[in-house]
Amino acid sequence: MDSLASRHIGISTDDTEIMLKKIGVKSLDELIEKTIPSNILLKEPLVLPETLSEHEYAKHIAELAAKNKIYTSYIGMGWYNTITPAVIQRNVFENPVWYTSYTPYQAEVSQGRLEALINFQTVICDLTAMPLANCSLLDEATAAAEAVTMMYALRSREQQKAGANVVFVDEHIFPQTLAVINTRAIPQGIEIRTGKYQELKYTSDIFACVLQYPNSNGNIENYTAFTQKAHEANYKVAVAADILSLALLVPPEEWGADIVFGSTQRLGTPLFYGGPSAAYFATRDEYKRNMPGRIIGLSKDKYGKLCYRMALQTREQHIKREKATSNICTSQALLAIMAGFYAVYHGAKGITAIAKRIHSITASLEKAICSLKYKQVNDQYFDTLRFVLPEYVSAQQIRTIALGKEVNLRYFDNGDVGFSIDETTNSASAITLLSIFAIAAGKDYPKENDNVQLDTINKSLKRQSPFLTHEIFQKYHTETEMMRYIKRLDRKDISLTHSMISLGSCTMKLNAASELLPLSRPEFTNIHPLAPEEQATGYRELIDNLSEMLKVITGLTGVSLQPNSGAAGEYAGLRVIRSYLESIRQGHRNKVLIPASAHGTNPASAIQAGFDTITCACDERGNVDMKDLKEKAESNRKELAALMITYPSTHGIFETEIKEICR
């Protein structure tokens, strides 16, 4: 009874016998034989490691966790240590009411989650000053790529006619963001041009610009004049903004941004070695029908009572398929909910105090380290400093001293050294940071007055507008009040804690408690994704173990765990196909056959990957119409790049002719 399968998969032996008798078969094996085509049914069990009991698994995962080394990371670059309020960790992150609920298609049994998500949208709208936000995307880099695709679709008729296809990206953007923008832009026929925004030549082939605020070095740029010039040239402007910095800085909407996106990781989501965190995406109201992701809206019922529901779904893949605005039909709902609750718990005053404290510690460290003859290059900053080292100090010296104190810093290619302060930084850790630079310089470090709050941000860059003014952000600032609010919301939802969820499709909430408990271990939560690999040995072993098992399960020789949703996985697979065809000089093949029974993301992903789609008909039982498939495959044989099939189909059908279809 200690096995995972016996406690978490399937039903009891007695219930199984009753159901098998009702179906008209004698055993589960017979049922499987009647369900899955015989020509693809495994004849022998998969060769996988021996299964573990829950107790054995707990021991195994603890051993993996112990191989990770928790150093204090000030690397920044989009990931920052944060404090998850205990009331949110205990009552949301570790609560199956929140992590086993299904996509809120049925609004009447999802009012709790929908309210929590509209809280998230309100936080984003308020901090960015944009009028509209979605309820999260997968990550900041993906959100950047989505912004580029959206701005491409929003080109004026004149720009489309002139073939404007260039996006200018300021060179001081996070490298992972630029990489994903490039990957996604290539098949769309979009050219990426990088450089200094101050030196941009406003040519007619450009249709949009992407900026980072503060930039990747940590400098706060005043983009007001640039944005004005960009708009005069009919360019759209998208901005990757640090969400916590917007408590102190002029929000992007107030200096003209058309799209604002970024990560909400530092609003209470642990680092998770770069694992999941909710991205945000906000835009102007006139662009709402082009915005990717889900939007939560308000309605009134026939009695005039307010209720929440998903809005503008006609943009999405399950309705629009290949004409959808994006291939992403999911979100980081649980982590977006946590970020929203973080803002509810702290309110505007609390978030402002956190941001001011971070900036003050940063300013104090700048003053102290510069007194040691280091030169700090950021004129204006929020939380990030970059230092040019004295001639007698090397980056390797600093690295050695820092690692000796179990500290990770950021090391630039040109020899500069930097760090980003975060919510967890206190006086003791600031002294440790200062001592690293002092020891490297061979000097005593100065003592600073902890009680003086410093502020070095120029007045022209400071936020004046209020945020989080709705009453929901004023009420729940004690643990008891917050706990009761979370509980009121979770009572409005249906999850696996209430009943089985008969809906299936691509979201199966069957994660056992023993599988999720390790996610709260600090050895997994507190590792920065850019930390040295030797600090993440446990993570690497876990990733390698899973990859090897997936190779056996799929029968394939290579595995990537990078895609963070089904749609992202589809896209990755299609890009592999495209790259392979180009490598064998077959890049002209640009058509993908997709059965009508395929999930709606399939045709949307194919379009995003630069392919044209051809829809194959299905028969009255939901199977692929073989005659139609053969005719379309034959008539397009010279341009055909791939067949894309959902298996089993969205009708739940295992195609009996699957081998013939692939052949």
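Which residue, of Ile486, Ile553, is more than 25 Å from Ser277 (Cβ to Cβ), more than 19 Å from the chain's Cα centre (by Cα) and not in a loop (DSSP other than H, G, I, E, B)? Break it down stepwise before answering.
Numbers: Ile486 fails: more than 25 Å from Ser277 (Cβ to Cβ).
Result: Ile553 is the single residue among Ile486, Ile553 that is more than 25 Å from Ser277 (Cβ to Cβ), more than 19 Å from the chain's Cα centre (by Cα) and not in a loop (DSSP other than H, G, I, E, B).
Every residue in segment 381-428 that is touching a Pro at 6+ places or on another chain (Cβ under 9 Å) and among the hydrophobic types (A, V, I, L, M, F, W, C), please.
Phe382, Leu403
Do we find a residue being within 19 Å of Leu246 (Cβ to Cβ), in contact with a strand residue (DSSP E or B) (Cβ under 8 Å, 6 or more places away or on another chain) and either surrounded by fewer than 16 Cβ atoms within 10 Å (Cβ to Cβ) or of a type outside the set (Ser, Thr, Tyr) (or both) anywhere in segment 204-211?
Scanning segment 204-211, I find at least one residue that is within 19 Å of Leu246 (Cβ to Cβ), in contact with a strand residue (DSSP E or B) (Cβ under 8 Å, 6 or more places away or on another chain) and either surrounded by fewer than 16 Cβ atoms within 10 Å (Cβ to Cβ) or of a type outside the set (Ser, Thr, Tyr) (or both), so the answer is yes.
Quick check on this structure: which one of Ile607, Ile614, Ile553 is free of Cβ contacts under 8 Å to residues at least 40 places away in the same chain and not acidic (Asp, Glu)?
Only one candidate passes the filter, namely Ile614.
Of all residues in segment 115-149, count the ones that are part of a loop (DSSP other than H, G, I, E, B) and closer than 12 Å to Ser331 by Cβ.
Of the residues in segment 115-149, 5 are part of a loop (DSSP other than H, G, I, E, B) and closer than 12 Å to Ser331 by Cβ.
Being modelled with pLDDT of 85 or more, closer than 29 Å to Met151 by Cα, in a strand (DSSP E or B) and not polar (S, T, N, Q): is that true of Ala604 here?
Criteria not met by Ala604.
Rundown of residues vs (1) at pLDDT 95 or above; (2) farther than 15 Å from Val210 by Cα; (3) over 17 Å from the mean Cα position of the chain (by Cα); (4) not aliphatic (A, V, I, L, M), yes/no style:
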residue	(1), (2), (3), (4)
Asn119	yes, yes, yes, yes
Thr122	yes, yes, yes, yes
Leu127	yes, yes, yes, no
Leu138	no, yes, no, no
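What are the residue pairs meeting all of these: first residue in segment 283-309, first residue assigned by TED's automatic domain parsing to the domain that holds Ile337, second residue β-branched (Val, Ile, Thr) and part of a loop (DSSP other than H, G, I, E, B), Cβ atoms under 6 Å, and 6 or more apart or on different chains?
Qualifying pairs under 6 Å: Asn290/Thr325; Pro292/Thr325; Pro292/Ile328.
Can you pull out every residue in segment 94-114 that is in contact with a Ser or Thr (Cβ under 6 Å, 6 or more places away or on another chain), polar (S, T, N, Q) and either part of a helix (DSSP H, G or I) or surrounded by fewer than 22 Cβ atoms within 10 Å (Cβ to Cβ) (or both)?
Selection gives Thr100, Thr103.
For segment 345-363, what are the residues that are of a type in the set (D, E, K, R) and over 17 Å from Val452 (Cβ atoms)?
Matches in segment 345-363: Lys349 only.
Just to be sure I understand the filter: pairs with C-beta atoms under 6 Å, separated by 6 or more residues or on different chains, first member in segment 209-228 and touching a residue at least 60 places away in the same chain (Cβ under 8 Å), second member small (Gly, Ala, Ser) and part of a strand (DSSP E or B). Which pairs pass?
As it stands, the answer is Val210/Ala238, since those pairs meet every condition given.
Please find, within segment 190-214, the residue that is nearest to Gly569 (Cα to Cα) out of those that are touching a helix residue (DSSP H, G or I) at 6+ places or on another chain (Cβ under 9 Å) and part of a loop (DSSP other than H, G, I, E, B).
Here the residue is Ile190.
If we scan segment 268-277, do we find a residue that is crowded, with 19+ Cβ neighbours inside 10 Å, among the aromatic types (Phe, Trp, Tyr) and in a strand (DSSP E or B)?
no
Return the residue satisfying two criteria in turn: it lies in segment 127-172 and is crowded, with 20+ Cβ neighbours inside 10 Å and among the β-branched types (Val, Ile, Thr), and of such residues it is nearest to Glu191 (Cα to Cα).
Val167
So, in segment 569-599, exactly how many residues are modelled with pLDDT under 90 and either surrounded by 18 or more Cβ atoms within 10 Å (Cβ to Cβ) or outside the structural domain of Arg621 (by TED's automatic domain parsing) (or both)?
Going through segment 569-599 one residue at a time, the tally reaches 4.
In the list Asn602, Asn636, which residue meets the criterion of being farther than 27 Å from Thr330 by Cβ, surrounded by 13 or more Cβ atoms within 10 Å (Cβ to Cβ) and of a type in the set (S, T, N, Q)?
Result: Asn636 is the single residue among Asn602, Asn636 that is farther than 27 Å from Thr330 by Cβ, surrounded by 13 or more Cβ atoms within 10 Å (Cβ to Cβ) and of a type in the set (S, T, N, Q).
Mind checking which pairs have a first residue in segment 44-72 that is touching a residue at least 40 places away in the same chain (Cβ under 8 Å) and a second that is of a type in the set (Asp, Glu) and not in a loop (DSSP other than H, G, I, E, B), Cβ under 7 Å, 6 or more apart or different chains?
Leu64/Glu541; Ala65/Glu523; Ala66/Glu523; Lys67/Glu541; Asn68/Glu523; Ile70/Glu523
Quick one: would you say Phe226 is out of contact with any strand residue (DSSP E or B) (no Cβ under 7 Å at 6 or more places or on another chain) and within 25 Å of Ile457 (Cβ to Cβ)? Lay out the reasoning, then the answer.
Working: out of contact with any strand residue (DSSP E or B) (no Cβ under 7 Å at 6 or more places or on another chain): yes; within 25 Å of Ile457 (Cβ to Cβ): yes.
When the stated conditions are applied, Phe226 passes them.
In segment 376-398, is there at least one residue being assigned to a helix (DSSP H, G or I) and either under 22 Å from Gln453 (Cα atoms) or under 28 Å from the mean Cα position of the chain (by Cα) (or both)?
Checked segment 376-398: no residue is assigned to a helix (DSSP H, G or I) and either under 22 Å from Gln453 (Cα atoms) or under 28 Å from the mean Cα position of the chain (by Cα) (or both).
Name the single residue that is surrounded by the fewest Cβ atoms within 10 Å (Cβ to Cβ) among those in segment 61-93 being part of a helix (DSSP H, G or I) and among the charged types (D, E, K, R).
By that ranking, first place goes to Glu63.
Which one is modelled with the highest pLDDT, of the residues in segment 297-334 that are surrounded by 13 or more Cβ atoms within 10 Å (Cβ to Cβ) and of a type in the set (Ser, Thr, Tyr)?
Applying the filter and picking the extreme gives Tyr308.
For Ala144, indicate whether it is under 30 Å from Val166 (Cα atoms) and within 19 Å of the chain's Cα centre (by Cα).
Details: under 30 Å from Val166 (Cα atoms): yes; within 19 Å of the chain's Cα centre (by Cα): yes.
Yes, satisfied.
Kindly indicate whether Gly622 is surrounded by 13 or more Cβ atoms within 10 Å (Cβ to Cβ) and either farther than 16 Å from Ile40 by Cα or modelled with pLDDT of 85 or more (or both). Walk me through how you get there before you give the answer.
Working: surrounded by 13 or more Cβ atoms within 10 Å (Cβ to Cβ): yes; either farther than 16 Å from Ile40 by Cα or modelled with pLDDT of 85 or more (or both): yes.
Spelling it out, Gly622 is indeed surrounded by 13 or more Cβ atoms within 10 Å (Cβ to Cβ) and either farther than 16 Å from Ile40 by Cα or modelled with pLDDT of 85 or more (or both).
Surrounded by fewer than 18 Cβ atoms within 10 Å (Cβ to Cβ) and on the phi > 0 side of the Ramachandran plot: is that true of Gly293 in this structure? Walk me through it before giving the result.
Working: surrounded by fewer than 18 Cβ atoms within 10 Å (Cβ to Cβ): no; on the phi > 0 side of the Ramachandran plot: yes.
In short, no.
Quick check: is even one residue across segment 38-60 surrounded by 11 or more Cβ atoms within 10 Å (Cβ to Cβ), at pLDDT below 95, polar (S, T, N, Q) and part of a helix (DSSP H, G or I)?
no
Quick check on my filter: what residues within segment 1-27 are under 39 Å from the mean Cα position of the chain (by Cα) and aliphatic (A, V, I, L, M)?
Within segment 1-27, Met1, Leu4, Ala5, Ile9, Ile11 qualify.
Does Ile337 meet the test of being touching a helix residue (DSSP H, G or I) at 6+ places or on another chain (Cβ under 6 Å), of a type outside the set (Lys, Arg), at negative phi and surrounded by fewer than 24 Cβ atoms within 10 Å (Cβ to Cβ)?
No, not satisfied.
Residues of segment 412-441 being surrounded by fewer than 16 Cβ atoms within 10 Å (Cβ to Cβ) and touching a helix residue (DSSP H, G or I) at 6+ places or on another chain (Cβ under 6 Å), which ones?
Passing the criteria: only Gly415.
The values are calculated or read from the model by the stated rules, or taken from the named source; none is laboratory data. It should be emphasised that the depicted structure is a prediction, and the values quoted were computed from it without experimental measurement. Glycine also receives a Cβ, built like all others from the backbone with ideal geometry; neighbour counts cover every protein chain displayed.
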